[in-house]
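What follows is a single structure, written as structure tokens, with notes after it.
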Amino acid sequence: MRYSSKTATAKTVLPGIWKVRLGRPEAATPISLKQIPADKAALIALPAVADCPLLLADWRCTVTAAGFRVEIPVGDDAFFGLGLQLKSHNQKGKKKTLRVNSDPVSDTGDSHAPVPFLLSTQGWGLYADTLRYASFYVASHVPGGEKGVAHHSMETATSTDELYGKANAGANRLVLFIPAAKGVDLYVFAGPTLKQAVQRYNLFSGGGCLPAIWGLGVWYRALGGFTQEDTIRLAAHLREHHMPCDVLGLEPGWQTKAYSCSYLWSPERFPQPQVMLDRLIELGFNVNLWEHAFVHPSSPIHRDLEPYSGDYQIWGGLVPDFTIPAVRDTFGDYHGRELIDKGISGFKLDECDNSDFISYPWSFPEHSQFPSGLDGEQMHSAFGLLYQGCLYAEYRKRNRRTYGEARNSHAFAAPYPFVLYSDLYDHRDFVRGVVNMGFSGLLWSPEVRHAVSEEDLIRRLQSVALSPQALVNAWYIRNPPWMQFDTEKNNRNEFMPGHEKLESACRDIFQLRMRLLPFIYAEFARYRFEGLPPFRSLAMEWPDDINTHKIDDQYLIGDALLVAPMFSGQKERPVYLPAGDWYCFHTRKKYRGGETRTVAADLHTIPLFVRAGHILPLAEPVECVRPDTVFKISAVTFGENCQACRLFEDDGISFDYEREQYNIVSLMWSQDEGPRVTRTGHYSGRRYEIVSWEHVS
Ligand code: GAL
């Protein structure tokens, strides 16, 4: 059946957000499962947009036995988003099938966190409310009856890109195909700018997350199979060597059973978990536990969950149906009582994605059935976020904030303080993840595991230190990688001669992270209250500058700081500075923007540029953020007429900020008046002390 959408109407849902119902949508969708309400007050504060930016009249819908198709005319825009896309930035001309997958090896749309939300540089976002593996054909194909661009018969090509690249030149439709569905609700998010469309989407999700402040420090995950003794020894080593570290992660081995999971401490490896936890907490560490949601028969919650699980098992464990409140209660209560109340600061939710590209697929099949009526395909899209929601709710109940990891997410993830990660390990793809994540309400860590050289280790650490989560995931390495980057030698305790020098270089990188922590925390507060992602693609900030559309290896932190990571083998790299003046963070030298320049950087330097007119708050680095840590801030002003830098001051660990228990510490500078600091708000504690000012002109 084919029809035009002439009869469809766009209904205003919230300011600047319209819903368009096409056909008969399925019952189970991300919105039907959404647990966090939109932040209406913050949405109202965004600029008003009177009309839906997309004209419905020219949309065409088709329903077939295969599913539902809608074709939407689009202009000459660039397109971004669709979740954690590790292989490409601008989605124009691409076909993406949003399948949940743990090994997204090629540019197909497979992702740990696919999100059916696409943004246009014309300043709108389109969200399709579906849990299906929907395909987005982003101006990639030309329908019959329209003018395509044909090859001349004698034209030959000399590369495959050239041969295939022009096949669909002139395509001007966005086509969305949803298998099995007979209709869909589409939501249009207005800008007027692309960045504001992103903000609207995040605020509709409930606002961005505000992690516990310690979560923005350095993370270290220890070797799987470590014992209690090993863990304490590692913690003491990090402190003795003054390596900044806020979170220690335990990998499989802390439980009696994994894979699947029992959620019980192993009495052999961890005979006194409370003694260890108390010791680690005393040393200033937060402890994060690896787990997945597949429940081993020996687990104390197995019996209660059995009636509410899917009809396929994984690693001999149940797959709980987290859409059912009783499941969330059982799983959540148990974690709260047995682990969170004992001092566990957060969890790493592993294997909540799916597997297709490996020899032995381990996850539940798409044809699985769940008691709620969801099938395996729908459950794959929903699983990670439901699981995050279950554990996040336990922390909220206790008025404690957390920061954790998860390997799967989907639509409306912004309020959940979980960071995505992957077993894939390409450094460039990892940086592209940081560039792309902000278009879809996601956080991502380009974590460091092993390295092939000293250079590789340093370059990777520099990138991760300037990401949402500064994580060393040494789950298969016995000793810190700076003592020996070769995995086998490391596991044989053979250390590199002179490794202290490498350790010191790594310490410098972690200290850079700690210097920037108050700044990054303030940007997360903007994420929370304004929906503005703390890490942003240049294309989000300058969508009208077409040079930014192809830049997938540079990004912004907040408004002020531009990061251009270096990769192994590089002595220099091209850096595009958008229009305006910029300053090199390291040399304070001024550069004119609007052009690409070659920037050289020695191994110990990551190119960083500060946008003129901004104040950067730099903290004296601490080794970890304790409840009473006060950061000593040096404020550096770059250029004249600087806008105020607003630090967010609160206890950093509770939700009291939702009851106005926070201050805004504004750092201001003007040529006439010089530096000025104001503090407004109701929080009685102090987290920041401004100790010095530097003016760079
Ligand atoms: C992987 C995960 C790794 C590590 C490992 C432990 O699936 O991505 O980070 O946790 O499991 O077995």
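Things to note:
- Given their separation in residues at 0.36 nm each and the Cα-Cα distance between them, Glu282 and Lys590 gain 106.4 nm when the chain is fully extended.
- Once both labels are positioned 7 Å from their Cα atoms along Cα-to-Cβ, the gap between Ala644 and Arg676 label points is 0.9 nm.
- Ranked by the mean number of other Cβ atoms within 10 Å of their residues, highest first, the peptides 88-98, 531-541 fall in the order 531-541, 88-98.
- Reported value for segment 325-406: 103 Å³ per residue, from the convex hull of its C-alpha atoms.
- For Leu471, distant residues with modelled amide H under 5 Å away: Trp219, Val448
- DSSP-assigned coil residues among GluC sites (Glu not before Pro) in segment 324-391, each with at most 16 further Cβ atoms within 10 Å: Glu366
- Helix-only mean residue ellipticity at 222 nm for the chain, each DSSP H run of n ≥ 4 adding -39500 (n - 2.57), per residue, nearest 500: -6500 deg cm²/dmol
- Stokes-Einstein diffusion coefficient of segment 77-230, Kirkwood radius over Cα pairs, 20 °C, 1.002 mPa s, in µm²/s: 116 µm²/s
- Value of Rg to Rh for segment 558-665, rounded to two decimals, is 1.06; Kirkwood radius and Rg both from alpha-carbon coordinates.
- Taking 0.36 nm per residue of sequence separation and removing the Cα-Cα distance, the Ala326/Gln274 pair yields an extension gain of 15.9 nm.
- Hull-based mean projected area of segment 38-146, where the convex hull spans the alpha carbons, in square nanometres: 8.9 nm²
- Here's the picture: charge each Lys and Arg Cβ at +1 and each Asp and Glu Cβ at -1 in segment 45-168, and of Pro104, Ser140, Gly83 the one pushed furthest to the positive end of that dipole is Pro104.
- Dipole magnitude (debye, nearest 20) for the chain, charges at Cβ of Lys, Arg, Asp, Glu: 1240 debye
- The rule of thumb for compact globular proteins, 2.2 N^0.38 Å, goes into the C-alpha radius of gyration of the chain 0.95 times.
- Fraction of accessible area attributable to carbon and sulfur, segment 308-363 (%, probe 1.4 Å): 47 percent
- The smallest convex shape that holds all Cα atoms of segment 414-484, its convex hull, gives 86 Å³ per residue.
- Surface per residue (accessible, 1.4 Å probe) for segment 497-588, Å²: 32 Å²
- Atom-type composition of the exposed protein surface of segment 366-518 places 48 percent of the accessible area on carbon and sulfur (1.4 angstrom probe).
- Segment 487-564 versus segment 438-453: alpha-carbon centroid distance in Å: 10 Å
- Estimated Rh, segment 543-591: Kirkwood, alpha-carbon pairs, angstrom: 12.3 Å
- Spatial separation of Cα centroids for segment 296-364 and segment 617-663, in angstrom: 37 Å
- Net lengthening on full extension, Asp58/Asn172 (0.36 nm per residue, minus Cα-Cα): 39.8 nm
- Segment 193-214-segment 34-75 distance, computed between alpha-carbon centres (Å): 18 Å
- FRET efficiency, Ser32 to Ala505 (Cβ-Cβ, R0 51 Å, nearest 0.05): 0.50
- DSSP bridge orientation in the chain - percent antiparallel, rounded to nearest 5: 75 percent
- Over segment 382-526, the hull volume per residue, using the convex hull of the C-alpha atoms, is 129 Å³.
- Accessible surface, segment 275-401, averaged per residue in Å² (probe 1.4 Å): 36 Å²
The values are calculated or read from the model by the stated rules, or taken from the named source; none is laboratory data. Remember, it's a predicted structure, so these values are computed and weren't measured experimentally. Positions of Cβ are backbone-derived with ideal geometry, glycine not excepted, and every protein chain shown enters the neighbour counts. Each accessible area value is taken on the protein alone, full model and side chains, heavy atoms only, with ligands, DNA and RNA left out. Shrake-Rupley method; radii C 1.70, N 1.55, O 1.52, S 1.80 Å.
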